[in-house]
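Notes to accompany the following structure.
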Amino acid sequence: MTHPLAIITGGAQGIGRATTELLLKEGWRVAALDRDAEAVAELDETHPAATLLTMVVDVSDELQVKEAFFHLSDWQLENDQSTGVDLLVNNAGVADPVCGPIEELALADWRIWQESHLTGAFLCTRAAVPGLRQRRGAIVNIASTRALQSEPHCESYAAAKGGLLSMTHALAVSLGPDIRVNAICPGWIETGPWQKASQRNTPAHRAIDRDQHPVGRVGEPADVAATVAFLASDKAGFITGQHISVDGGMSKKMIYAE
Ligand code: NAD
(Lines give C-alpha, C1' and ligand atoms only; values in the text may rest on other atoms or scores of the structure.)
Protein backbone atom coordinates (compact mmCIF):
# COMPACT_ATOMS: atom_id res chain seq x y z
CA MET A 1 0.00 0.00 0.00
CA THR A 2 1.29 3.48 -0.88
CA HIS A 3 1.47 5.91 2.01
CA PRO A 4 1.94 9.65 1.54
CA LEU A 5 5.55 10.69 2.14
CA ALA A 6 6.67 13.79 4.05
CA ILE A 7 10.22 15.11 4.35
CA ILE A 8 10.66 17.18 7.50
CA THR A 9 13.85 19.12 8.15
CA GLY A 10 14.75 19.70 11.78
CA GLY A 11 12.32 16.84 12.32
CA ALA A 12 13.90 15.41 15.48
CA GLN A 13 13.00 18.11 18.01
CA GLY A 14 10.50 20.83 18.82
CA ILE A 15 8.03 21.85 16.11
CA GLY A 16 9.60 19.47 13.57
CA ARG A 17 9.31 16.54 15.99
CA ALA A 18 5.65 17.32 16.72
CA THR A 19 5.01 17.46 12.96
CA THR A 20 6.81 14.16 12.44
CA GLU A 21 4.71 12.53 15.16
CA LEU A 22 1.40 13.94 13.94
CA LEU A 23 1.96 12.85 10.35
CA LEU A 24 3.10 9.37 11.40
CA LYS A 25 -0.07 9.08 13.50
CA GLU A 26 -2.11 10.09 10.45
CA GLY A 27 -0.59 7.28 8.36
CA TRP A 28 2.21 9.11 6.53
CA ARG A 29 5.70 7.82 5.97
CA VAL A 30 8.19 10.42 7.22
CA ALA A 31 11.83 11.17 6.41
CA ALA A 32 13.19 13.33 9.23
CA LEU A 33 16.47 15.19 8.56
CA ASP A 34 18.22 16.80 11.50
CA ARG A 35 21.81 17.67 12.36
CA ASP A 36 21.46 16.70 16.03
CA ALA A 37 22.69 13.09 16.10
CA GLU A 38 21.48 12.40 19.64
CA ALA A 39 17.95 13.63 18.93
CA VAL A 40 17.90 11.69 15.65
CA ALA A 41 18.94 8.47 17.42
CA GLU A 42 16.22 8.99 20.01
CA LEU A 43 13.55 9.61 17.34
CA ASP A 44 14.74 6.62 15.33
CA GLU A 45 13.78 4.26 18.18
CA THR A 46 10.14 5.33 18.09
CA HIS A 47 8.86 3.85 14.82
CA PRO A 48 9.59 0.97 12.44
CA ALA A 49 12.27 1.59 9.79
CA ALA A 50 9.76 1.12 6.95
CA THR A 51 7.67 4.03 8.27
CA LEU A 52 10.23 6.50 9.56
CA LEU A 53 13.59 7.24 7.96
CA THR A 54 15.88 9.37 10.12
CA MET A 55 19.07 10.96 8.83
CA VAL A 56 21.74 13.10 10.46
CA VAL A 57 22.10 15.95 7.97
CA ASP A 58 23.13 19.59 8.09
CA VAL A 59 20.64 21.02 5.59
CA SER A 60 22.92 23.96 4.80
CA ASP A 61 25.58 21.59 3.41
CA GLU A 62 25.04 20.91 -0.30
CA LEU A 63 26.82 17.55 -0.34
CA GLN A 64 25.08 16.25 2.77
CA VAL A 65 21.67 17.19 1.33
CA LYS A 66 22.52 15.49 -1.98
CA GLU A 67 23.58 12.29 -0.20
CA ALA A 68 20.50 12.35 2.02
CA PHE A 69 18.17 12.53 -0.99
CA PHE A 70 20.01 9.63 -2.68
CA HIS A 71 19.54 7.60 0.48
CA LEU A 72 15.89 8.66 0.65
CA SER A 73 15.26 7.47 -2.94
CA ASP A 74 16.72 4.05 -2.13
CA TRP A 75 14.54 3.81 1.00
CA GLN A 76 11.44 4.83 -0.96
CA LEU A 77 12.07 2.32 -3.74
CA GLU A 78 12.55 -0.39 -1.14
CA ASN A 79 9.37 0.46 0.75
CA ASP A 80 7.06 2.02 -1.82
CA GLN A 81 8.43 1.29 -5.33
CA SER A 82 8.08 5.05 -5.93
CA THR A 83 10.17 8.19 -5.60
CA GLY A 84 7.16 10.51 -5.22
CA VAL A 85 7.05 13.05 -2.41
CA ASP A 86 3.81 14.51 -1.01
CA LEU A 87 5.16 17.11 1.41
CA LEU A 88 8.38 18.97 2.22
CA VAL A 89 8.47 20.92 5.48
CA ASN A 90 11.40 23.35 5.59
CA ASN A 91 11.57 23.74 9.35
CA ALA A 92 15.26 23.35 10.29
CA GLY A 93 17.24 26.32 11.48
CA VAL A 94 18.76 28.04 14.48
CA ALA A 95 15.65 28.90 16.48
CA ASP A 96 17.24 31.47 18.82
CA PRO A 97 16.53 34.78 17.06
CA VAL A 98 18.98 37.01 18.94
CA CYS A 99 22.17 37.78 17.02
CA GLY A 100 23.24 40.81 19.08
CA PRO A 101 23.82 44.46 18.14
CA ILE A 102 24.37 44.98 14.40
CA GLU A 103 27.64 46.94 14.96
CA GLU A 104 29.14 43.86 16.58
CA LEU A 105 27.67 41.18 14.34
CA ALA A 106 30.45 39.17 12.65
CA LEU A 107 29.83 38.06 9.06
CA ALA A 108 30.32 34.43 10.10
CA ASP A 109 27.59 34.83 12.72
CA TRP A 110 25.22 36.58 10.28
CA ARG A 111 25.63 33.54 8.04
CA ILE A 112 24.54 31.07 10.76
CA TRP A 113 20.89 32.14 10.37
CA GLN A 114 21.02 32.68 6.60
CA GLU A 115 22.56 29.28 5.97
CA SER A 116 20.46 27.19 8.33
CA HIS A 117 17.07 28.71 7.41
CA LEU A 118 17.36 30.05 3.87
CA THR A 119 20.12 28.04 2.20
CA GLY A 120 18.79 24.88 3.87
CA ALA A 121 15.30 25.54 2.49
CA PHE A 122 16.74 26.21 -0.97
CA LEU A 123 18.85 23.04 -1.06
CA CYS A 124 16.06 20.78 0.24
CA THR A 125 13.46 22.34 -2.05
CA ARG A 126 15.69 21.90 -5.09
CA ALA A 127 16.26 18.26 -4.21
CA ALA A 128 12.59 17.52 -3.41
CA VAL A 129 10.88 19.19 -6.40
CA PRO A 130 11.15 16.23 -8.84
CA GLY A 131 9.47 13.94 -6.30
CA LEU A 132 6.90 16.58 -5.35
CA ARG A 133 5.94 17.06 -9.02
CA GLN A 134 5.20 13.33 -9.34
CA ARG A 135 2.61 13.49 -6.54
CA ARG A 136 1.40 17.11 -6.99
CA GLY A 137 2.67 17.69 -3.48
CA ALA A 138 3.06 20.67 -1.19
CA ILE A 139 5.84 22.63 0.50
CA VAL A 140 5.39 24.29 3.88
CA ASN A 141 8.10 26.70 5.01
CA ILE A 142 8.30 27.43 8.72
CA ALA A 143 9.01 31.15 8.95
CA SER A 144 8.19 33.28 12.01
CA THR A 145 6.13 36.29 13.06
CA ARG A 146 9.61 37.85 13.31
CA ALA A 147 9.56 38.02 9.51
CA LEU A 148 6.87 40.69 10.02
CA GLN A 149 7.71 42.41 13.32
CA SER A 150 10.74 42.68 15.60
CA GLU A 151 12.39 42.92 18.98
CA PRO A 152 15.87 44.50 18.95
CA HIS A 153 18.99 42.66 17.78
CA CYS A 154 17.38 39.94 15.65
CA GLU A 155 18.44 41.22 12.19
CA SER A 156 19.87 38.03 10.73
CA TYR A 157 16.97 35.85 11.93
CA ALA A 158 14.38 38.38 10.74
CA ALA A 159 16.08 38.69 7.34
CA ALA A 160 16.27 34.92 6.92
CA LYS A 161 12.60 34.48 7.84
CA GLY A 162 11.56 37.39 5.63
CA GLY A 163 13.53 35.73 2.83
CA LEU A 164 11.61 32.51 3.43
CA LEU A 165 8.29 34.34 3.01
CA SER A 166 9.48 35.85 -0.28
CA MET A 167 10.79 32.49 -1.43
CA THR A 168 7.38 31.03 -0.59
CA HIS A 169 5.44 33.21 -3.02
CA ALA A 170 8.18 33.02 -5.65
CA LEU A 171 8.13 29.21 -5.53
CA ALA A 172 4.32 29.12 -5.55
CA VAL A 173 4.32 30.99 -8.85
CA SER A 174 7.19 28.97 -10.34
CA LEU A 175 5.99 25.51 -9.28
CA GLY A 176 2.22 25.83 -9.75
CA PRO A 177 -0.01 24.15 -10.68
CA ASP A 178 1.95 21.01 -9.74
CA ILE A 179 3.12 22.05 -6.28
CA ARG A 180 1.51 24.37 -3.72
CA VAL A 181 3.88 26.35 -1.50
CA ASN A 182 2.87 28.09 1.74
CA ALA A 183 4.50 29.32 4.92
CA ILE A 184 3.62 29.36 8.60
CA CYS A 185 4.67 32.18 10.91
CA PRO A 186 4.71 30.75 14.42
CA GLY A 187 4.70 33.11 17.37
CA TRP A 188 5.77 31.99 20.85
CA ILE A 189 5.82 28.20 20.67
CA GLU A 190 7.03 26.49 23.83
CA THR A 191 9.19 23.57 22.77
CA GLY A 192 10.18 22.49 26.29
CA PRO A 193 8.45 19.96 28.53
CA TRP A 194 5.43 22.27 28.76
CA GLN A 195 4.41 21.37 25.24
CA LYS A 196 2.01 18.60 26.30
CA ALA A 197 -1.66 19.59 26.22
CA SER A 198 -2.19 17.66 29.46
CA GLN A 199 0.05 20.18 31.21
CA ARG A 200 -1.73 23.18 29.74
CA ASN A 201 -2.93 24.48 33.10
CA THR A 202 0.36 24.06 34.92
CA PRO A 203 2.86 25.81 32.67
CA ALA A 204 6.19 27.13 33.81
CA HIS A 205 5.18 30.54 32.52
CA ARG A 206 4.19 33.71 34.26
CA ALA A 207 0.52 34.58 34.07
CA ILE A 208 1.49 37.62 32.00
CA ASP A 209 3.13 35.34 29.41
CA ARG A 210 -0.15 33.53 28.88
CA ASP A 211 -2.58 36.39 29.41
CA GLN A 212 -0.96 38.76 26.90
CA HIS A 213 -2.02 36.34 24.14
CA PRO A 214 -5.57 36.89 22.88
CA VAL A 215 -6.12 33.11 23.16
CA GLY A 216 -4.85 33.09 26.79
CA ARG A 217 -1.85 30.80 26.39
CA VAL A 218 1.48 30.44 24.62
CA GLY A 219 1.72 28.03 21.70
CA GLU A 220 2.59 24.35 21.55
CA PRO A 221 4.45 22.53 18.75
CA ALA A 222 1.20 20.67 18.05
CA ASP A 223 -0.45 23.99 17.07
CA VAL A 224 2.06 24.37 14.22
CA ALA A 225 1.99 20.67 13.33
CA ALA A 226 -1.81 20.82 12.88
CA THR A 227 -1.43 23.80 10.54
CA VAL A 228 1.20 21.95 8.50
CA ALA A 229 -1.21 19.00 8.16
CA PHE A 230 -3.97 21.35 7.01
CA LEU A 231 -1.77 23.11 4.42
CA ALA A 232 -0.65 19.72 3.09
CA SER A 233 -4.22 18.47 2.73
CA ASP A 234 -6.70 18.80 -0.14
CA LYS A 235 -8.72 21.14 2.10
CA ALA A 236 -6.02 23.73 1.35
CA GLY A 237 -6.10 23.00 -2.39
CA PHE A 238 -6.88 26.63 -3.34
CA ILE A 239 -4.21 28.12 -1.06
CA THR A 240 -0.71 28.80 -2.37
CA GLY A 241 1.93 31.48 -1.94
CA GLN A 242 0.46 32.50 1.43
CA HIS A 243 1.65 32.72 5.00
CA ILE A 244 -0.47 32.11 8.06
CA SER A 245 0.43 33.27 11.56
CA VAL A 246 0.03 30.70 14.34
CA ASP A 247 0.65 33.04 17.25
CA GLY A 248 -2.42 33.11 19.48
CA GLY A 249 -3.33 36.49 17.99
CA MET A 250 -0.25 38.34 19.32
CA SER A 251 0.64 39.98 16.02
CA LYS A 252 -2.88 41.43 15.74
CA LYS A 253 -2.67 43.18 19.11
CA MET A 254 -2.04 46.91 19.17
CA ILE A 255 0.43 47.71 21.95
CA TYR A 256 0.90 51.24 23.36
CA ALA A 257 2.68 51.99 26.64
CA GLU A 258 0.13 52.78 29.38
P1 NAD B 1 14.25 23.50 17.96
O2 NAD B 1 15.62 24.02 18.22
O3 NAD B 1 13.51 22.79 19.04
O4 NAD B 1 14.27 22.58 16.67
C5 NAD B 1 14.99 22.93 15.53
C6 NAD B 1 15.59 21.66 14.96
O7 NAD B 1 16.29 22.01 13.77
C8 NAD B 1 16.60 21.02 15.92
O9 NAD B 1 16.34 19.64 16.03
C10 NAD B 1 17.95 21.29 15.25
O11 NAD B 1 18.90 20.27 15.49
C12 NAD B 1 17.56 21.36 13.80
N13 NAD B 1 18.49 22.13 12.99
C14 NAD B 1 18.95 23.40 13.21
N15 NAD B 1 19.82 23.75 12.24
C16 NAD B 1 19.89 22.69 11.36
C17 NAD B 1 20.60 22.44 10.18
N18 NAD B 1 21.44 23.35 9.66
N19 NAD B 1 20.44 21.24 9.58
C20 NAD B 1 19.60 20.31 10.09
N21 NAD B 1 18.92 20.48 11.23
C22 NAD B 1 19.06 21.66 11.86
O23 NAD B 1 13.43 24.77 17.45
P24 NAD B 1 11.87 24.97 17.17
O25 NAD B 1 11.40 26.01 18.12
O26 NAD B 1 11.17 23.68 17.06
O27 NAD B 1 11.98 25.68 15.74
C28 NAD B 1 11.62 25.05 14.53
C29 NAD B 1 11.42 26.12 13.47
O30 NAD B 1 10.37 27.00 13.89
C31 NAD B 1 12.65 27.01 13.26
O32 NAD B 1 12.76 27.34 11.91
C33 NAD B 1 12.32 28.24 14.08
O34 NAD B 1 12.99 29.38 13.61
C35 NAD B 1 10.82 28.33 13.86
N36 NAD B 1 10.12 29.11 14.89
C37 NAD B 1 10.07 28.70 16.17
C38 NAD B 1 9.36 29.48 17.11
C39 NAD B 1 9.26 29.10 18.57
O40 NAD B 1 8.77 29.92 19.38
N41 NAD B 1 9.66 27.90 18.97
C42 NAD B 1 8.75 30.66 16.70
C43 NAD B 1 8.82 31.04 15.37
C44 NAD B 1 9.50 30.24 14.45
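The values are calculated or read from the model by the stated rules, or taken from the named source; none is laboratory data. This one's a predicted model, so the numbers in the text were calculated from it and none came from an experiment. Heads up, the Cβs are rebuilt from the backbone with ideal geometry, glycines too, and the neighbour counts pull from every protein chain shown. These accessible areas exclude ligands, DNA and RNA; they are computed on the full protein's heavy atoms, side chains included. Shrake-Rupley method; radii C 1.70, N 1.55, O 1.52, S 1.80 Å.
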Interchain or long-range residues, amide H under 5 Å from Ala32's placed H:
Ile8, Leu53, Thr54, Met55
Given a 1.4 Å probe and every protein chain left where it sits, what share in percent of the accessible area of the chain is carbon and sulfur?
54 percent
Of the residues Leu22, Leu132, Leu164, which exhibits the maximal mean-square fluctuation in a Gaussian network model of the chain defined by a 10 Å Cα contact cut-off?
Leu22
accessible surface per residue for the chain, probe 1.4 Å, DNA/RNA/ligands not counted, whole Å² -> 51 Å²
Find how many whole Å separate the alpha carbon centroid of the range 48-78 from the alpha carbon centroid of the range 1-39.
12 Å
Area accessible to solvent at His243, 1.4 Å probe radius, in Å²:
90 Å²
Long-range amide H partners of Glu190 with built H, under 5 Å:
Gly219, Glu220
Counting Lys and Arg as +1 and Asp and Glu as -1, what is the net charge of the other residues whose Cβ lies under 13 Å from the Cβ of Gly10?
-1
When the chain is modelled as a GNM with alpha-carbon springs shorter than 10 Å, which of Gln81, Gln114, Gln134 fluctuates the most?
Gln81
Can you give me the angle between helix 120-135 and the longest principal axis of the chain, using Cα atoms only, in degrees from 0 to 90, rounded to the nearest 10?
50 degrees
What percent do you get for the relative contact order of the chain when only Cα pairs under 8 Å and 6+ apart count?
19 percent
Which of the residue pairs Lys161/Lys235; Lys25/Lys235; Lys25/Lys253 have a Cα-Cα distance greater than 30 Å in the structure shown?
Lys25/Lys253
Could you let me know the centre-to-centre spacing of the range 83-135 and the range 237-258, using Cα atoms, in angstrom?
22 Å
Tell me the mean residue ellipticity at 222 nm calculated for the chain from its helices only (DSSP H runs of n ≥ 4, each -39500 (n - 2.57), averaged over every residue, nearest 500).
-12000 deg cm²/dmol
Treating the angle as unsigned and between 0 and 90°, give the value, to the nearest 10°, between the Cα long axis of helix 221-232 and the longest Cα principal axis of the chain.
50 degrees
Under unit Cβ charges (Lys, Arg +1; Asp, Glu -1), what dipole magnitude, rounded to 20 debye, does the chain have relative to its Cα centre?
1000 debye
Charge dipole of the chain built from unit charges on the beta carbon (Lys, Arg +1; Asp, Glu -1), centred at mean Cα; most positive-end Cα among Val40, Leu175, His153 is Leu175
Please report, largest first and rounded to whole Å, the three semi-axes of the ellipsoid equivalent to the range 5-252, where each semi-axis is the square root of five times an eigenvalue of the C-alpha gyration tensor.
27, 21, 19
